[in-house]
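Asker: Supplied in structure tokens, the structure appears directly below.
The values are calculated or read from the model by the stated rules, or taken from the named source; none is laboratory data. What you see is a predicted model, and the numbers here were worked out from it, not measured in a lab. Virtual Cβ from ideal backbone geometry, glycine too; neighbours counted across all protein chains shown. Quick note on the areas: whole protein, heavy atoms, side chains included, nothing else; ligands and nucleic acids left out. Shrake-Rupley method; radii C 1.70, N 1.55, O 1.52, S 1.80 Å.
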Amino acid sequence: MDSGLRKEIEDKVLSGERLSREDGIALYASDDLAWLGGLAHHVRTKKNGDVVHFNVNRHLNMTNVCQASCAYCSFQRKPGEKDAYTMRIEDAVRLAKEMEPDGITELHIVNGLHPTLPWRYYPRSLRELKKVLPNVSLKAFTATEIQHFETISGLSASEILDELMDAGLESLTGGGAEIFDWEVRQHIVDHATHWEDWSRIHRLAHEKGLKTPSTMLYGHIEEPRHRVDHVLRLRELQDETGGFQVFIPLRYQHDFHDSRDGIVRNRLQARTSMATGAEALKVFAVSRLLFDNVPHVKCFWVMHGLSTAQLALNHGADDLDGSVVEYKITHDADGFGTPNKMTRDDLLELIRDAGFRPVERNTRYEIVREYEGPEQGRRDVPQPMRF
């Protein structure tokens, strides 16, 4: 990047002027990660100060049976395959209930597109979960699942959302977005929910008063211009609805070992390499700079590793997700050695160790509890290596 363009972009950021598509592409072309991180950190600090948000949540995948075969996905199984499963609602309730003593505030529910499960299974599952955990927010279903429910129920997305909200739904999840540009999407996605329907469903949710997350799957066959296009589509929709609370870059994962049945379902890995830690930090920084009208940027620590997650907090991110407990979709594929679960104390230590002040939130980003930040000496003075 030449010095003139660099100065122009820097002036825009510092004055709060919106960046353009061309600016986003130029940012990705920069090899000065310290400069990018500094600009993004300036923006995240203006929006969120020295706070890092987290919650105490549990991911719940009630079935991995899926009629789609997306090229990047190692989670899906076909009916009758080894390791295919579908939970009884009673079993899902039992698993969720186990987290009650930890002060859980959110259940995050995503499933495969099961070809034969009846529509009624889904609102009933929410009702039963809400019955035993009335103070826990239900963040459930991707836009892809909502469109699948349209197909199996004959109802409209509006009617489906109304029934799910009546059963206790408080937020959709952000999945199904991947990369919106068709140039990439046609090679990675095997379901019918593309930008037009993904945006239609989230727009409907926002009109009904739901706040939702937005996501981007990066680090596979896409190019920086596709990432920029993806974020700008979301930014335009946010201008219209104001309904996105957070943007979550999700790092594409290779299969590092075969699945237990010997089948490698990820068909992209022969064509690409995963994003490096430096590339991940660039994605967070550029996303924070471009997506100026979304309050929060989240680093999902499970998909980035704990060290990169901490560094992301200095490159635009202000949220580390939560305790997670069990994340089946990519966890078995990752090579970071990340744990299945982070306790509240683990998250507090992770955030303080990165030099930030932890704030526990709920699904709606309402503050549950504020905590002390790191010791001043620990924050400001280089610490000796600890053995």
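Asker: On the full set of protein chains, 1.4 Å probe, figure out the accessible area of Met62 and give it in Å² to the nearest 10.
Answerer: The accessible area comes out at roughly 0 Å².
Asker: Taking only C-alpha pairs under 8 Å that are 6+ residues apart, what is the relative contact order of the chain in percent?
Answerer: 22
Asker: Ok, one more. Treating the angle as unsigned and between 0 and 90°, give the value, to the nearest 10°, between the Cα long axis of helix 195-207 and the longest Cα principal axis of the chain.
Answerer: 90
Asker: How much accessible surface does Ile9 have with a 1.4 Å probe, in Å² rounded to 10?
Answerer: Ignoring ligands and nucleic acids, Ile9 comes out at about 0 Å².
Asker: Tell me what the chain gives for mean residue ellipticity at 222 nm when only DSSP H runs of n ≥ 4 count, each as -39,500 (n - 2.57), the sum divided by the residue total, rounded to 500 deg cm²/dmol.
Answerer: Mean residue ellipticity, 222 nm, calculated: -12000 deg cm²/dmol.
Asker: For region 1-101, just say rounded, prolate or oblate: build the C-alpha gyration tensor, square-root its eigenvalues into a ≥ b ≥ c, call rounded for a/c under 1.5, and beyond that prolate if a/b exceeds b/c, oblate if not.
Answerer: Because a/c hits 1.5 or more and a/b fails to exceed b/c, region 1-101 counts as oblate.
Asker: What is the helix-to-structure angle for 344-353, meaning the angle in degrees between its Cα long axis and the longest Cα principal axis of the chain, kept from 0 to 90 and rounded to the nearest 10?
Answerer: 20
Asker: Using a 1.4 Å probe, how large is the accessible area of Ile221, given in Å² and rounded to the nearest 10?
Answerer: About 40 Å², rounded to the nearest 10.
Asker: Please give the length that would be gained between Asp162 and Ser3 if that part of the chain were fully extended, namely 0.36 nm times their separation in residues minus their C-alpha to C-alpha distance (nm, one decimal).
Answerer: Residue separation times 0.36 nm, minus the Cα-Cα distance, leaves 52.0 nm.
Asker: While we're looking at this one, here's another question. Could you work out what % of the accessible surface of the chain is carbon and sulfur, using a 1.4 angstrom probe and leaving DNA, RNA and ligands out of the count?
Answerer: 50
Asker: Sort out the exposed loop GluC sites (Glu not before Pro) in the chain (DSSP loop, at most 10 other Cβ within 10 Å) and tell me the longest stretch that has none.
Answerer: 1-365
Asker: At 7 Å along Cα-to-Cβ for each site, give me the label-to-label distance between Glu366 and Ser307 in nm.
Answerer: Each label point lies 7 Å from its Cα, and together they span 4.0 nm.
Asker: Enter the per residue convex hull volume of the chain, computed from alpha-carbon coordinates, in Å³ rounded to the nearest integer.
Answerer: 144
Asker: Could you derive backbone 3J(HN,Hα) for region 125-138 from the dihedral phi with the Karplus parameters 6.51, -1.76 and 1.60 (θ = phi - 60°), listing whole Hz in sequence and x where the residue is Gly or Pro?
Answerer: In residue order, the calculated couplings are 4, 5, 4, 5, 5, 5, 5, 8, 10, x, 9, 9, 6, 9 Hz.
Asker: Would you kindly enumerate the cysteines in the chain that have no other Cys beta-carbon under 4.7 Å from their beta-carbon?
Answerer: So far as the 4.7 Å Cβ criterion goes, Cys66, Cys299 stand without a partner in the chain.
Asker: Out of all DSSP beta bridges with both ends in the chain, state the antiparallel percent to the nearest 5.
Answerer: Counting DSSP beta bridges with both partners in the chain, the antiparallel share is about 15 percent.
Asker: Rg (Å, one decimal) plus Dmax (Å, integer) for the alpha carbons of region 47-196?
Answerer: For region 47-196, the Cα radius of gyration and maximum Cα-Cα distance read 16.2, 51 Å.
Asker: Let me ask something else. Using only the Cα atoms of region 160-295, what are the Rg and Dmax in Å?
Answerer: 16.1, 47
Asker: Next question, about the same structure. Simple spin-label model, 7 Å along Cα-to-Cβ: Asp292 to Leu95 in nm?
Answerer: Going from the Asp292 label point to the Leu95 one covers 4.3 nm.
Asker: Leaving out ligands and nucleic acids, and using a 1.4 Å probe, what accessible area per residue does the chain come to in Å²?
Answerer: With the other protein chains kept in place, the chain gives 41 Å² per residue.
Asker: Another question, then. With everything on Cα atoms, drop me the angle between helix 3-15 and the longest principal axis of the chain, reported from 0 to 90° to the nearest 10.
Answerer: Tilt relative to the chain: about 70 degrees.
Asker: How far apart, in nm, are two points set 7 Å out from the Cα along the Cα-to-Cβ line at Ala192 and at Thr151?
Answerer: 0.6
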